[in-house]
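Below: one structure, written as structure tokens.
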Amino acid sequence: MPDILKKEIITLSEAKEVLEQVKTDDMDQIQRWTHDYVVKFAKTGSEVAREMVKRLIEECELKEEEAVEVVNVSPSSLEELRAFTFGWKKLILTETLQKMLNILQTRNES
């Protein structure tokens, strides 16, 4: 097993980009399953996803893990976003949720 060089939290889009650098024939079974998953569920390009994560951290004061989760799921309404963030066990103001939605909607503009 290769040594782990670094651990980093990445979005599905970034995972897709990494996996696309490997030939499918050279992937093990878990890598193939992961590749199939990210191809189906990555909602934007990796650069746009990383920019959204950065903005969510800076403008909405989210932790990196929370920002990546939000980008990966990409809720499209205030109700979906509220239901999703409810599990974090912290109060997020409607104003902040709206700001988060606005950032997520940039994926459609890019």
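No value in this document is a laboratory result; all are computed from the given coordinates. These numbers come from a predicted model, not from an experiment. Positions of Cβ are generated from backbone atoms using ideal geometry, with glycine treated the same way; all protein chains shown enter the neighbour counts.
Here are a few things to note about the model shown:
Per-residue answers, yes or no, for (1) in contact (Cβ under 8 Å) with a residue 60 or more places away in the chain; (2) touching a Leu at 6+ places or on another chain (Cβ under 9 Å); (3) of a type in the set (Gly, Ala, Ser):
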residue: SER13; (1), (2), (3): no, no, yes
residue: ASP28; (1), (2), (3): no, no, no
residue: HIS35; (1), (2), (3): no, yes, no
residue: ALA42; (1), (2), (3): no, yes, yes
residue: VAL48; (1), (2), (3): yes, no, no
residue: LEU56; (1), (2), (3): no, yes, no
residue: GLU59; (1), (2), (3): no, no, no
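- When the stretch 9-31 is filtered for residues that are of a type outside the set (Ser, Thr, Tyr), part of a helix (DSSP H, G or I) and either out of contact with any His (no Cβ under 8 Å at 6 or more places or on another chain) or at positive phi (or both), the ones remaining, listed by number, are LEU12, GLU14, ALA15, GLU17, VAL18, ASP25, ASP26, GLN29, ILE30, GLN31.
- Residue check, ILE57 farther than 16 Å from SER13 by Cβ, surrounded by 13 or more Cβ atoms within 10 Å (Cβ to Cβ) and over 15 Å from the mean Cα position of the chain (by Cα): no
- Odd one out for GLU66 among (1) over 10 Å from the mean Cα position of the chain (by Cα); (2) assigned to a helix (DSSP H, G or I); (3) crowded, with 18+ Cβ neighbours inside 10 Å: (1)
- Consider the stretch 39-54 and keep the residues that are touching a Ser or Thr at 6+ places or on another chain (Cβ under 9 Å) and surrounded by fewer than 20 Cβ atoms within 10 Å (Cβ to Cβ). The one that is nearest to GLU17 (Cα to Cα) is SER46.
For (1) part of a helix (DSSP H, G or I); (2) of a type in the set (S, T, N, Q), each residue gets a yes or a no:
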| position | (1), (2) |
| --- | --- |
| LEU62 | no, no |
| ALA83 | yes, no |
| GLN98 | yes, yes |
| ASN102 | yes, yes |
